[in-house]
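The values are calculated or read from the model by the stated rules, or taken from the named source; none is laboratory data. None of these values were measured; they are calculated from a predicted model. FYI the Cβ positions are ideal-geometry reconstructions off the backbone, even for glycines, and counts take in every protein chain you see.
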């Protein structure tokens, strides 16, 4: 007799993700390198940066006609450390988006203007996701 336990902590398809977002509100999903992921998890890094390029303009700007200079509003940021199925993830409070200069110690010395995603409390510490446990 085989005893198999499934651990379902990962949202594996878009339907489950949509169900979560109906409960949690608008969630910004971002992938990070380990260095930045660990700094955010520890509470040391309070901003995340994205280059001002077409992809990020589309994702971060509010495209309503009423205020074309506004940014999207999110309730949370869900960070993942990598793209693997079992990559660790954590949830962080979203505080807003603005344009400015990145801090050198938090950005691989990026120069010029970037999108700055302001972060609040780390709401869940990194969790290693597991698809199946035997």
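When the residues of the range 44-54 are narrowed to those that are out of contact with any strand residue (DSSP E or B) (no Cβ under 7 Å at 6 or more places or on another chain) and either in contact (Cβ under 8 Å) with a residue 12 or more places away in the chain or under 21 Å from residue 92 (Cβ atoms) (or both), which ends up surrounded by the most Cβ atoms within 10 Å (Cβ to Cβ)? Don't jump to the end; show me each part of the working.
Step one: of the range 44-54, the residues out of contact with any strand residue (DSSP E or B) (no Cβ under 7 Å at 6 or more places or on another chain) are 44-45, 53-54.
Filter again for either in contact (Cβ under 8 Å) with a residue 12 or more places away in the chain or under 21 Å from residue 92 (Cβ atoms) (or both), leaving 44-45.
On the way: 44: 10, 45: 20.
Among those residues, the one meeting the criterion is 45.
Could you list, in sequence order, the residues of the range 1-56 that are part of a helix (DSSP H, G or I), within 14 Å of the chain's Cα centre (by Cα) and at pLDDT 90 or above?
Passing the criteria: 34, 36, 37, 38, 39, 40, 41, 56.
If I filter the range 92-117 down to residues being in a strand (DSSP E or B) and within 19 Å of residue 38 (Cβ to Cβ), which single residue comes out as modelled with the highest pLDDT?
To start, the set of residues in the range 92-117 that are in a strand (DSSP E or B) comprises 92-101, 113-117.
Adding the requirement that they be within 19 Å of residue 38 (Cβ to Cβ) leaves 92-93, 117.
Working: 92: 94, 93: 94, 117: 97.
That would be 117.
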